[in-house]
Amino acid sequence: MEETTMKTYEAMFLLEAGQSDFEAACEPIQAVLKRSGGELVSSNLWDERRLAYEIKGQKRGMYVLTYFKLDPAKVVELEHDCQLNEGILRVLIIRKDNLKDEELNAPTPAMIATATREEREAAIKAEAQAKAAEAEAVAEVSEATETPDETPVEEPAVE
C-alpha cells in the first residue's frame with residue numbers, strides 16, 4: 001500500500017460577511033477540508049471589507065487566511081468542493097513548502113486593527129486615570145493651602 005505524502009498549503013478564503021462568530025463563519029472551510037482529508041493547521045481572520053463587485057449576490061466579504069496539510073492529489077477535489085459550497089465565495093490555494101513559524105503566526109490586518117483599538121482604549125483609560133489623580137492632587141493641595149480666617153492686624157499706635 002502506498003503512503004500518501006501530505007503537503008502544506010496556504011489558502012485565502014473569501015466567505016460571506018456579517019457573522020459575528022468567527023468559528024461559525026469558518027465552518028464551510030472546515031467542512032470542505034474534512035471531506036478532502038485535509039488537516040487544518042491555522043485559520044485567522046484576515047479582514048472584512050466591501051467587495052469591488054458583487055459575488056454570488058454579496059457586496060461584503062470576510063477574508064480568512066488558512067494553512068492546512070493535504071494530499072496533493074486532492075487539491076483539485078478541494079477546489080471543486082469550494083466552488084460548490086455556497087458559504088465560500090472564492091478561494092485561492094498555493095503550496096507552501098517551507099512554512100516558518102513566523103509566517104504561521106504573523107499578525108493579520110484584523111489582528112493589528114484589534115490590537116490598535118485595544119491600545120487606544122488602554123491609552124484613553126490611562127489618561128482618564130491620570131486626570132483623576134491630578135484632580136485629586138489639586139484638591140489636596142487646595143485644602144492644605146486654604147487661608148485661615150483672617151485675624152485683625154493691630155495697627156501701630158500713633159502719637
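The values are calculated or read from the model by the stated rules, or taken from the named source; none is laboratory data. Everything quoted here is computed from the prediction, not taken from an experiment. Using ideal geometry, Cβ is built from the backbone for each residue, glycine included, and neighbour counts are taken over all protein chains shown.
Which of the residues belonging to segment 29-42 are surrounded by 20 or more Cβ atoms within 10 Å (Cβ to Cβ) and either assigned by TED's automatic domain parsing to the domain that holds P109 or under 23 Å from the mean Cα position of the chain (by Cα) (or both)? Answer for segment 29-42, where residues must be surrounded by 20 or more Cβ atoms within 10 Å (Cβ to Cβ) and either assigned by TED's automatic domain parsing to the domain that holds P109 or under 23 Å from the mean Cα position of the chain (by Cα) (or both): just I29.
Among the residues that make up segment 98-118, is at least one of them in contact with a Cys (Cβ under 9 Å, 6 or more places away or on another chain) and not small (G, A, S)? Within segment 98-118 (the criterion being in contact with a Cys (Cβ under 9 Å, 6 or more places away or on another chain) and not small (G, A, S)), the answer is no, since none of the residues qualifies. Each residue in segment 3-28 was checked for being crowded, with 18+ Cβ neighbours inside 10 Å and closer than 16 Å to V76 by Cα, and 4 pass. Among the residues of segment 60-67, are any over 25 Å from N98 (Cα atoms), surrounded by 15 or more Cβ atoms within 10 Å (Cβ to Cβ) and touching a helix residue (DSSP H, G or I) at 6+ places or on another chain (Cβ under 8 Å)? The answer is yes; a qualifying residue exists.
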